[in-house]
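Q: Shown below is the structure under consideration.
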Amino acid sequence: MKTRVTVRGLGLLLPALAILAGASGASAWSRYHDSGHGYTVLKAGGYELDSGVRQRNSLGGLFVGVEVGAQPSRFVELGMTADWLRRRQGRTAILFVDDSFELPVQGVVDLEGTATDLVPLGGIVRVRFPVADGKFVPFVSGQLSFDLLRLAYREIQVDGDPRSVEERSEYFQGLGRTLALGVEARLDESFGLLLEAGVHESEPSKSLDLDGIPVEGRVDAGGEFLRFGMRFGFP
């Protein structure tokens, strides 16, 4: 079992870091990080599920997100986030090949496929530590979210008569926590590029009925991620 960085105690850690950062502030940073400004961040990268049973590559899940917030201090940002993890796995078969054209045409069918969609919606606190006259900004961020999870399965039986299609979908929900470290490169006062790596803890659940016995179904949707992003600042 993988050792996962815990995010418990995050509510105490981030305010302490913000106080330390504010106490060490230099006036040279202020022209790059004036308070009271809003911002938007667009992020995209990969996500590795800790408990995935069908993974073929580590960061195979597409993990995108958008963040909108304000900067009450040059060292602190508060925002709202919406992320989406999208993973698709499948097994295909070639039913026929038509080589009457210059390029052969293959008839391909998806015999089996799984879909995973995880959508964390929540709030984020980011503590920033500007260096090099504010052009590079290392940061640490913590996020609390309400996670929505969809798991789907589809199988097509092409052998036998009649052919059949089996489909299933299950929906789960729960609370999630995220801790990330990263760095931002400020290209000008209103635009920057950032890189972040982090861990997300999530265990959505739902009530199930097993032969008349009520049980709770839980899914370990936690994992690690690596994302690039673009940050847009505005008054």
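Q: I'd like the residue in region 120-137 that is part of a loop (DSSP other than H, G, I, E, B) and surrounded by fewer than 21 Cβ atoms within 10 Å (Cβ to Cβ) and, out of all such residues, is nearest to the chain's Cα centre (by Cα). Show your work before the answer.
A: Our first condition is that a residue be part of a loop (DSSP other than H, G, I, E, B); within region 120-137, this holds for 129-130, 132-135.
Filter once more, so that each one left must be surrounded by fewer than 21 Cβ atoms within 10 Å (Cβ to Cβ): 129, 132-135.
Working: 129: 23, 132: 30, 133: 31, 134: 27, 135: 26 Å.
Top of the filtered list is 129.
Condition check ((1) at pLDDT 90 or above; (2) part of a strand (DSSP E or B); (3) surrounded by 14 or more Cβ atoms within 10 Å (Cβ to Cβ); (4) touching a Pro at 6+ places or on another chain (Cβ under 7 Å)) across all residues:
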{"position": "19", "(1), (2), (3), (4)": "no, no, no, no"}
{"position": "33", "(1), (2), (3), (4)": "no, no, yes, yes"}
{"position": "40", "(1), (2), (3), (4)": "yes, yes, yes, no"}
{"position": "67", "(1), (2), (3), (4)": "yes, yes, yes, no"}
{"position": "93", "(1), (2), (3), (4)": "no, yes, no, no"}
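Q: Now a separate question. Can you tell me which of 184, 155 is surrounded by 13 or more Cβ atoms within 10 Å (Cβ to Cβ) and under 30 Å from residue 78 (Cα atoms)?
A: Sole residue among the options that is surrounded by 13 or more Cβ atoms within 10 Å (Cβ to Cβ) and under 30 Å from residue 78 (Cα atoms): 184.
Q: Also, I was wondering about something else. How many residues, within region 101-154, are farther than 19 Å from residue 82 by Cα and among the acidic types (Asp, Glu)?
A: 4
Q: What's the total number of residues in region 173-197 that are closer than 25 Å to residue 84 by Cα and out of contact with any Ser or Thr (no Cβ under 6 Å at 6 or more places or on another chain)?
A: Within region 173-197, residues that are closer than 25 Å to residue 84 by Cα and out of contact with any Ser or Thr (no Cβ under 6 Å at 6 or more places or on another chain) number 17.
Q: Would it be correct to say that residue 219 is touching an Asp or Glu at 6+ places or on another chain (Cβ under 6 Å) and in contact (Cβ under 8 Å) with a residue 60 or more places away in the chain?
A: no
Q: For residue 200, all conditions in the list (1) closer than 30 Å to residue 71 by Cα; (2) more than 14 Å from the chain's Cα centre (by Cα) hold save one; what is the number of the exception?
A: Unmet condition: (2).
Q: Residue 178 versus (1) among the polar types (S, T, N, Q); (2) surrounded by fewer than 18 Cβ atoms within 10 Å (Cβ to Cβ); (3) modelled with pLDDT of 95 or more: which is the lone unmet condition?
A: (2)
Q: Can you work out which of the residues in region 185-204 that are in contact with an Asp or Glu (Cβ under 8 Å, 6 or more places away or on another chain), of a type in the set (A, V, I, L, M, F, W, C) and in contact (Cβ under 8 Å) with a residue 40 or more places away in the chain is nearest to residue 223 (Cα to Cα)?
A: That would be 199.
The values are calculated or read from the model by the stated rules, or taken from the named source; none is laboratory data. Bear in mind the structure is a predicted one, so any value in this text is a computation, not a measurement. Positions of Cβ are generated from backbone atoms using ideal geometry, with glycine treated the same way; all protein chains shown enter the neighbour counts.
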